[in-house]
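The structure under discussion appears below in the form of structure tokens.
The values are calculated or read from the model by the stated rules, or taken from the named source; none is laboratory data. Keep in mind the model is a prediction, meaning the values are calculated, not measured. Every residue, glycine as well, gets a Cβ built from its backbone with ideal geometry; the counts of neighbours run over all protein chains shown. Surface areas here come from the heavy atoms of the whole protein model, side chains and all, with no ligands, DNA or RNA. Shrake-Rupley method; radii C 1.70, N 1.55, O 1.52, S 1.80 Å.
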Amino acid sequence: QVQLVESGGGLVQSGGSLRLSCAASGRTFSSYAMGWFRQAPGKEREFVSAISWSGGRIYYADSVKGRFTISRDNAKDTVYLQMNSLKPEDTAVYYCAAGSLATMQFRWGPNYWGQGTQVTVSS
């Protein structure tokens, strides 16, 4: 089992920045690919970004490419999502996930999920 706890969400103005963190505990963090998803009200959960266990492979959804940066620190069992140039349409609950990189982009892909952290971007 892997437990994931997100933090860093909040209210920010359009154009601002936030850094989300996801702390993992349980089974070996470094053996898993990690990802971020988000879910806005009335919408399905969508893939945001993923990073391989080594950090050598990174993927982004087109909607966040160039604005968001994913990273991980295996020594701290933590994955991060730096979000810059935030837009009102980025408003959502952001979820951390762990699993296989091959399936991380799919809603059904991750093996483990965090409880989510709210990000609200005001216009």
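In the range 1-41, the qualifying residues are those that are charged (D, E, K, R) and either surrounded by 21 or more Cβ atoms within 10 Å (Cβ to Cβ) or in contact with a Pro (Cβ under 6 Å, 6 or more places away or on another chain) (or both), and the one that is farthest from residue 59 (Cα to Cα) is 6.
Every condition in (1) among the polar types (S, T, N, Q); (2) in contact with a Gly (Cβ under 8 Å, 6 or more places away or on another chain); (3) on the phi < 0 side of the Ramachandran plot is met by residue 85 except one, and the failing one is (3). All conditions but one from (1) open to solvent by 50 Å² or more (accessible area, probe 1.4 Å); (2) in contact with an Asp or Glu (Cβ under 8 Å, 6 or more places away or on another chain); (3) of a type in the set (Phe, Trp, Tyr) apply to residue 95; the one that does not is (1).
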